[in-house]
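The structure appears right after this line, and notes come after that.
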Amino acid sequence: MQNTLGEETRVSMLFAAPKIIETSVFARLPD
Amino acid sequence: MAGQPLGTPAGSLLEGPSFDREGTLWCVDIQNGRIFKVTRDGAFRLIAEYDGWPNGLKFHRDGRIFIADYKNGIMLLDPVNGKVTPYLVRVNVERFKGVNDLFFGANGDLYFTDQGLTGLHDPTGRVFRVRPNGEVTCLLDNVPSPNGLVMNRDETALYVAATRGNCIWQVPFLGNGSIGKVGLFIQLSGAGGPDGLALDEQGRLAIAHVRLGTVWVFDRLGEPVYRIRSCMGTHTTNVAFGWPDRTTLYITESESGTILKAELDVPGKLMYSHA
């Protein structure tokens, strides 16, 4: 893959990337 | 808050989410000494406001409400009249540095962290255990900012968030209740560090990473499973599994003064108060 400078890099990953989970607002403390 | 590090949000500081036996969420506001119930439609109801810095809250099986109060020590809250009274404010003659969070084991042992302003520059934070008979033991006195804590699934070890080490320690117990070789279970990186912890039925560990706007979920071997992203601010301070079936994770986010929720696939482990 390429880094942000466009250079070819080799990446090794210690672990698989975790799955992203989104949140929603349950409650908001009034001011 | 006087004496606290810079960067603490103004206005309020939500922490200590915990569910009572009726399934109602409670939480604390550290810097204003307030304790709230939060209804299922998201309304805050003030239960107590007192001269203290409530940082963590847990329910005992017998109905008592225990507060880890940074300013005073371990306190008890009467939910009827809102009075907060001391439970343990010193060990022998020594007061605490500043207690942070607490957890009950299945046998009623109470564990709590004494964080104060410890860090890598002063790794003297402590972890205590209080037996049901009142016996108090200092298990550790060398933690860089001990914070949230929870036991593993079969309660053979304690996980402790060492915020300023940006890591989770694993504290194994021997048969006689003393501790074995303490190890580093998970090393995190980036801004802030681990704050509140919770465990699910599979032994997976949810870690609120304050200042990163993230709750991590690691499996029981310590491999990452989920990254739960805050839809609000970055001060994701603590977590609790709760209503309706414990597959919903509730997250205090103190920068925006909100409680977030995320849907997971495994229920949280039953707490001592509910088992």
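Per-structure values
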| read-out | value |
| --- | --- |
| Whichever residue in the stretch A:9-31 is among the basic types (Lys, Arg) and at pLDDT 90 or above and, among such residues, is farthest from residue B:214 (Cα to Cα) | A:28 |
| Selection within the stretch B:235-275 - among the charged types (D, E, K, R) and on the phi < 0 side of the Ramachandran plot | B:245, B:253, B:255, B:261, B:263, B:265, B:269 |
| Residues of the stretch B:244-264 that turn out to be more than 24 Å from residue B:190 (Cα to Cα) and within 10 Å of another protein chain (Cβ to nearest Cβ), as a count | 3 |
| Which numbered condition residue B:271 misses (of (1) under 14 Å from the mean Cα position of the chain (by Cα); (2) part of a strand (DSSP E or B)) | (2) |
| Qualifying positions in the stretch B:216-241 - out of contact with any Lys or Arg (no Cβ under 7 Å at 6 or more places or on another chain) and at the interface with chain A (Cβ under 10 Å from one of its Cβ atoms) | B:222, B:223, B:224, B:227, B:228, B:229, B:230, B:231, B:232, B:236 |
| Index of the failed condition, residue B:141 passing every other in (1) under 21 Å from residue B:210 (Cβ atoms); (2) without any contact (Cβ under 8 Å) to a residue 60 or more places away in the chain; (3) surrounded by fewer than 17 Cβ atoms within 10 Å (Cβ to Cβ) | (1) |
| Residues of the stretch B:233-244 classified as under 20 Å from residue B:39 (Cβ atoms), out of contact with any Phe, Trp or Tyr (no Cβ under 6 Å at 6 or more places or on another chain) and modelled with pLDDT of 95 or more, total | 3 |
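The values are calculated or read from the model by the stated rules, or taken from the named source; none is laboratory data. Being a predicted model, the structure only gives us computed values, none of them experimental. Using ideal geometry, Cβ is built from the backbone for each residue, glycine included, and neighbour counts are taken over all protein chains shown.
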